[in-house]
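Visitor: Right, I'll just put the structure down here and ask away after.
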Ligand SMILES: Cc1ncc(COP(=O)(O)O)c(C=O)c1O
């Protein structure tokens, strides 16, 4: 078969199954879908902080690009200072920057999982962890979402080095992992716990430090993923943990070693986002209040399958790809950017409209969104 025929056949199958993806530009709609939970990505204040940092650091800023990987020509004093700052901020010994959360999970899981090891993961874990596990030499086994009874059963049965992978706030359902219980189980069975804080960073814990610090579990967690592309409004990620882990990843995480380092501008953006976060208590309060407001309003529309969540991610379950797509399209036509999540991205029967709430969404916008949802179901 000619390669073009093969590619077309795969795409045709997606079209037939109504799972074809394409890039779209949606302008003028009210944002109920981006991960910019605190509005940092559109913040003039953040832009100003980045520019000021650039001016202060002008002596380092002679390059647009970083010129190489961190291990070759791409390292800077600023990157090292930033890593020390990140570690301190999240109450960890060390931090290592990666170019994205995807790259961080890829590097972390592929480097850690050796032959004879087992990675036990929540069934709703992010795709980047799946890809990291696939690249590792370890075995990997799922447990039902947030089901600590199943997790314990697997921990009991498993021998050798064991890692447990969870998200603190789940990206699809917006619910929390029972982290205290999971950490206690990991301690009991001597497993190393890895917590992806992508959707908690910037929002949960004191000054957005994450759920692990909120619960005081820093010492019980082997590695945490902090990302900068969501509430922090910029791009990139860091793995925080021990100095030993940092040194190990610097030597064995291929997605850290074999890639060009982020340019200084990115690093200034990350540092500036932290500086803004330190004084963003009011934004976090606004976000929490709009979440409460949305939940109180949406519950008034009667028969609705709303996922339990007190995070910015709110899901209305509408089983069936066709049905959920149609409802989302109708809500979009009324001026709201919401996205349908269809199977196989979510399990069949769990198709949903995923609504992301933001500190900048107003009560009027939420009221209008709820009316649009009511007339579209
Ligand atoms: C739970 C989780 N982990 C990791 C990632 C990847 O992070 P990034 O977007 O920085 O690559 C995402 C983003 O979609 C995520 O939701």
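Visitor: Extending each Cα 7 Å along its Cβ direction at residue 187 and residue 265, get the distance between those two points in nm, one decimal.
Guide: Label at residue 187, label at residue 265, 4.6 nm between them.
Visitor: If you don't mind, another one. What number do you get for region 63-278 when its Cα radius of gyration is normalised by 2.2 N^0.38 Å, N = residues?
Guide: Expressed relative to 2.2 N^0.38 Å, the Cα Rg reads 0.97.
Visitor: Then there is this: Between residue 34 and residue 334, what is the spin-label point distance in nm, taking each point 7 Å from the Cα along the Cα→C-beta axis?
Guide: Here the answer is 2.3 nm between the modelled labels.
Visitor: Quick one: which of 200-211, 169-180 comes out on top by average Cβ neighbours within 10 Å, and what's the full order, highest first?
Guide: Per-residue mean Cβ counts within 10 Å order the peptides as 200-211, 169-180.
Visitor: Still on this structure: Multiply the residue gap between residue 323 and residue 368 by 0.36 nm, knock off their C-alpha separation, and tell me the result in nm, one decimal place.
Guide: Here the segment from residue 323 to residue 368 would lengthen by 14.1 nm.
Visitor: When the distances between all Cα atoms of region 251-377 are binned every 5 Å from zero, what whole-number percent does each bin get?
Guide: The percentages, shortest bin first, are 2, 10, 16, 17, 13, 10, 11, 11, 7, 3, 1, 0.
Visitor: If you take the beta carbon distance between residue 56 and residue 243 as r and set R0 to 25 Å, what does 1/(1 + (r/R0)^6) give as a FRET efficiency, to the nearest 0.05?
Guide: Once rounded, the FRET efficiency stands at 0.35.
Visitor: Something else now. What does the extension gain come out to for residue 180 and residue 2, with contour length at 0.36 nm per residue minus their alpha carbon separation?
Guide: Working it through step by step, the gained length comes to 58.7 nm.
Visitor: Within region 146-160, what residues put their amide N at less than 19 Å from the label point 7 Å along the Cα-to-Cβ vector of residue 123?
Guide: 146-157
Visitor: What is the distance in Å between the Cα centres of region 237-290 and region 9-40?
Guide: One Cα centre to the other: 26 Å.
Visitor: Report the full-extension gain for the segment residue 81 to residue 300: residue separation times 0.36 nm, less the Cα-Cα distance, to one decimal in nm.
Guide: The span from residue 81 to residue 300 would gain 73.8 nm if fully extended.
Taken together, the values in this text are just the output of simple stated rules run on the coordinates, not laboratory data. These numbers were taken from a predicted model, which means no experiment stands behind them. For neighbour counting, all protein chains shown are included, and Cβ atoms are generated from backbone atoms with ideal geometry for every residue, glycine included.
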